[in-house]
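Down below is the structure, laid out as structure tokens.
The values are calculated or read from the model by the stated rules, or taken from the named source; none is laboratory data. Just so you know, these numbers come straight off a predicted model, no measurement behind them. When we count neighbours, we look across all protein chains shown, and the Cβ atoms used for this are built from the backbone with ideal geometry, even at glycine. Quick note on the areas: whole protein, heavy atoms, side chains included, nothing else; ligands and nucleic acids left out. Shrake-Rupley method; radii C 1.70, N 1.55, O 1.52, S 1.80 Å.
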Amino acid sequence: MTWNPFSKDKDKETAQKSVDSTLQESDAQESKGHPTPKRKVAEQRNLHPLVPKNRKADRKAAKERIRKKEDEQYDAMRTGDVAHMPRLERDPAHIYVRDYVDARFNLAEYFIPAFFVIMILTMVVGFISQALYGIMMVLMYVYLIASVIDVVIMWHKLKKKLIEKFGEKSVAKGTRMASYAWGRALQLRRWRIPKPTSKKRGNWPK
């Protein structure tokens, strides 16, 4: 072992630094009023559970929010409040389609009521005369074909106007604009949702 005359001084210096460090930690704890938490403890305090404590209550609250929003949107469509309708119904191209369909007289919108009336009449007259039964069936098919032709003519004109106003993208396959127009044309005007913006026909969109 090699003797070092300065080893005692170094030991004293090291001991003094240890004492000073301990005193500083003690002073810091006293100034804060509590010991400094370890890093692991601090990290655990900042962690929040990703899964809610009560899943059932959380799902129930989420469903309630969705139902409330849907009720508000339905009321907006029923009253004609465009600002609070679903995003699709606020689209300018869809608004144009609705206004166009509502402005014209559509044979197809009376098809369902007429179909039930004709079916009832055919059952009644079927017991009376087979000739009358045949006539009623012919009338029903004639009305069906006329309604289809009317819808096709409507869409042919409407499609041109949509392309002129909103471009080709407004009538692309993904938009399903044709089915949107046909579906509205099949409904009675007073029962249409969203509600028509005009009470009378003939107010064509610009």
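Here are some notes:
- Test: residue in segment 162-169 that is open to solvent by less than 80 Å² (accessible area, probe 1.4 Å), farther than 27 Å from Tyr74 by Cα and of a type outside the set (D, E, K, R): yes
- The number of residues in segment 78-105 that are of a type outside the set (D, E, K, R), surrounded by 16 or more Cβ atoms within 10 Å (Cβ to Cβ) and within 14 Å of the chain's Cα centre (by Cα) comes to 1.
- The residues in segment 106-151 that are open to solvent by 30 Å² or more (accessible area, probe 1.4 Å), within 22 Å of Gln187 (Cβ to Cβ) and either in contact with a Ser or Thr (Cβ under 6 Å, 6 or more places away or on another chain) or β-branched (Val, Ile, Thr) (or both) can be counted, and the count is 9.
- Search result, residues across segment 184-203 that are loosely packed, with under 13 Cβ neighbours inside 10 Å and farther than 17 Å from Asp81 by Cα: Leu188, Lys200, Gly202
- Applying the criterion of being of a type in the set (Asp, Glu) and in contact with a helix residue (DSSP H, G or I) (Cβ under 8 Å, 6 or more places away or on another chain) to the residues of segment 96-137, the residue that is farthest from Phe166 (Cα to Cα) is Glu109.
- Residue that is modelled with pLDDT under 65, in a helix (DSSP H, G or I) and open to solvent by 100 Å² or more (accessible area, probe 1.4 Å), where the choices are Glu43, Glu30: Glu30
- The combined condition, being open to solvent by less than 80 Å² (accessible area, probe 1.4 Å) and within 30 Å of Glu89 (Cα to Cα), is fulfilled by Leu158.
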